[in-house]
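Before any comments, here is the structure.
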Amino acid sequence: MCGLIGIVHKEGNVCEKIHKGLEYLQYRGYDSCGISVMEDGEFYANKQIGPISGLKKNCHSGKIGIGHTRWATHGCISIKNTHPFMHKNLAIVHNGIIENHSEIRDKYPDYHWKTGCDTESILKSTYEHLKEYRNINDEITDHADWNYAFEKMSEELDGSFAVAFMDLSYPDTLFFIRKGLSPLSIAVSDDFGAIASDCLALSDMSDHVIDIENGQYGYVKAGKYEIKPGNINEKRHIIKSPKMSEKSHDTWFAHEFHTQPMVLSNALHKFNSAFTLSDFEKPKFIDILGCGSSYYAGCVGKYWIEKYANIMCRVQMSSEWKDLKGYDRTIALISQSGETADTLAAFGKQLGAHKTVGFVNTLGSSLSRAVDHVVPTFVGQEVSVASTKAMTGQMLSLFLWATKLSGVNKQDELTELFEKMSCLINKLPENTKEVIDICANVDDLFILAKGNLVPIAYEGALKIKELAYVHAEAMSASELKHGPLAMINPDSSQAIIFLAPSSSSLWSKMLSAVEEVHSRGGKVIVISDKPEKFNVNYSVKMPYIEEDLAPFLYILSMQWIAYGLAIRKGNAIDMPRNLAKSVTVE
Ligand code: G6P
């Protein structure tokens with residue numbers, strides 16, 4: 001999984017342009033990055049561990065180059081395993097996974113394999129097939145050597161991949177291939193030819209791209225391109241994200257966290273004027289799919305859809321999706337980026353048998369192009385890897401879907417909600433101080449909730465893991481007595497957080513659950529509008545909120561606690577270790 005870009009430009013200085021493109025692609029991984037430029041029959045590479053910001057912008061003045069930002073799958077994070085890889089006349093960058101890479105290694109036992117990456121098997125396979133063709137054909141026209149190599153290597157390699165190549169024999173041409181889910185787009189003008197994993201990486205150079213489809217390969221150079229088989233791909237206008245405003249806090253996470261009431265309120269206006277969800281007939285059954293925070297947003301959405309619209313709803317992780325044959329239903333796919341491979345793969349599996357709706361934040365993304373109906377979540381670009389506003393934006397759009405499907409009007413309540421969110425955000429730094437102190441000094445955190453806050457407990461635990469690298473486990477407070485209660489031990493380094501709004505229809509049962517933990521000596525923290533009703537020492541005071549809207553307020557407290565813990569630990573906030581904003585491999 002990774003981001004790749006290649007540019008050939010008549011004016012030269014491609015290194016700087018590639019660097020700029022890589023900044024857009026960083027959401028696909030930031031374990032390491034590199035650029036290779038070709039000039040006078042040689043490759044000049046520049047690589048480094050970590051994000052793009054540290055990579056030299058002007059490493060070389062050549063006219064053709066490729067760049068890559070890596071999220072390690074095969075092979076440790078090291079310079080040796082950082083793309084681009086070079087072998088003799090070839091240099092390549094790759095996004096995806098080669099599933100049979102060890103077979104390819106076995107096929108060429110005498111070759112000195114230089115990296116631990118599956119990518120090297122593409123390099124070797126392509127090199128061998130090009131050589132094969134060139135050895136038996138004296139005259140080569142129309143890139144026939146490359147066409148031959150592409151056919152052969154795509155037969156030989158299993159998996160999903162998008163690859164860009166430079167070849168010393170063609171100093172003005174970039175070659176590319178796509179097989180499977182890894183997206184790839186090209187842009188061409190009289191002055192340049194370019195290729196990238198995401199059209200946004202090309203948006204400073206062009207307004208349009210051509211998307212390469214699964215199974216296609218070809219080349220691009222200034223003023224010319226070829227795509228096979230087919231070559232009938234249409235041009236697509238690039239939908240640029242609105243310009244990012246300056247961040248108001250040290251980190252994008254804190255900035256995005258603070259903007260949530262304003263962003264959601266703007267999104268509501270946009271929904272009200274441009275919303276088309278009412279175009280849907282009322283489905284009999286809804287399947288919701290997503291990963292990570294998008295999955296948890298779906299889990300909250302289920303409560304509203306079942307409660308307001310009275311429609312049976314099932315939520316599954318995209319990676320675990322199983323079809324229920326014979327059910328007439330709408331499938332809602334939720335994805336901030338619209339590029340998550342597990343979600344795209346789930347979409348692929350439904351084989352067009354059902355109506356699909358994508359709740360997507362990034363218009364123009366693969367998912368937004370694939371589904372029958374797109375519902376933009378309207379929260380603007382989210383930079384921090386750990387999601388805040390994108391997740392609450394998904395919740396809002398699901399809430400609106402549920403209310404529209406049922407004819408319920410909750411506009412006034414939402415306006416009031418946004419005001420409460422603003423007030424709470426101002427108070428959280430003070431209200432959570434003591435609790436963050438306690439959580440920073442334990443090894444294990446348990447987060448418990450009931451009803452529509454159970455998914456918020458899970459999302460809170462995910463935020464804590466992602467940002468603070470602390471073990472956090474969520475569960476339904478109702479399940480406590482069926483096993484997990486055995487874990488409660490006053491001598492253990494643990495704290496137990498309860499999300500407990502008094503408006504909950506399960507409030508009285510929540511009082512009992514807290515008591516059961518407290519009486520066994522557990523270190524209990526309650527997050528509640530009525531903390532005084534609990535016999536505990538630590539709490540976070542919340543405003544009163546009606547039960548249905550509680551997820552929007554309680555997620556803020558969890559986001560802030562996770563952030564506070566991460567700051568205490570001195571962790572990288574916007575780019576947590578080992579993660580990526582969008583996971584583009586299955
Ligand atoms: C990654 C991100 C998560 C995100 C998930 C799904 O794991 O780190 O924050 O929730 O992908 O991403 P999507 O773009 O499909 O919403």
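In this label model, VAL442 and SER505 are separated by 3.0 nm, measuring between points 7 Å along each Cα→Cβ vector. When the C-alpha to C-alpha distance is required to be over 30 Å, the pairs from LYS179/LYS325; LYS17/LYS235; LYS80/LYS235; LYS404/LYS509; LYS56/LYS131 that qualify are LYS80/LYS235; LYS404/LYS509; LYS56/LYS131.
Distance from the Cα centroid of region 12-49 to that of region 117-140 is 24 Å (rounded to whole angstrom).
Roughly what % antiparallel, to the nearest 5, for the DSSP beta bridges in the chain?
Working: 64 of 103 bridges.
DSSP beta bridges in the chain are roughly 60 percent antiparallel.
Compared with the dominant Cα axis of the chain, that is its longest principal axis, helix 411-431 is turned about 90°.
On a 0 to 90° scale, report how tilted helix 454-468 is relative to the longest principal axis of the chain, with both axes built from alpha carbons and the result rounded to the nearest 10. With both axes taken from Cα atoms, the answer is about 60 degrees.
What shape does region 3-237 have by the C-alpha gyration tensor, where a ≥ b ≥ c are the square roots of the eigenvalues, rounded means a/c under 1.5, and otherwise prolate means a/b greater than b/c and oblate the rest? Because its axes are fairly even, with a/c under 1.5, region 3-237 counts as rounded.
Considering only SER197, TRP71, VAL209, the residue lying farthest towards the positive end of the dipole of region 58-209 is TRP71, judged by Cα position with unit charges set on Cβ.
Rounded to the nearest 20, the size of the Cβ-charge dipole of the chain about its Cα centre is 1000 debye, with Lys and Arg at +1 and Asp and Glu at -1. For region 429-586, the orientation-averaged shadow of the C-alpha convex hull comes to 9.7 nm² (one quarter of the hull surface). Distant-in-sequence amide contacts of ARG314, defined by a placed amide H-H separation under 5 Å and a gap of 5 or more residues or a different chain, comprise ILE286, ASP287, ILE288. The modelled label-to-label distance for the pair ASN137/MET487, using points 7 Å beyond Cα in the direction of Cβ, is 6.1 nm.
Coupling constants for region 208-225 follow from the phi torsions by the Karplus curve (6.51 cos²θ - 1.76 cosθ + 1.60, θ = phi - 60°), and in residue order they are 10, 9, 10, 7, 8, 8, 3, x, 9, 8, x, 9, 9, 8, 4, x, 8, 7 Hz; glycine and proline get x. With axes computed from alpha carbons, what is the tilt in degrees of helix 252-274 against the longest principal axis of the chain, rounded to the nearest 10 within 0 to 90? Rounded to the nearest ten degrees, it is 90. Over the Cα atoms of the chain, the radius of gyration divided by the Kirkwood radius equals 1.01; this is the Rg/Rh ratio.
Read the figures in this text as sums done on the coordinates, not as results from a lab. Remember, it's a predicted structure, so these values are computed and weren't measured experimentally. Positions of Cβ are backbone-derived with ideal geometry, glycine not excepted, and every protein chain shown enters the neighbour counts.
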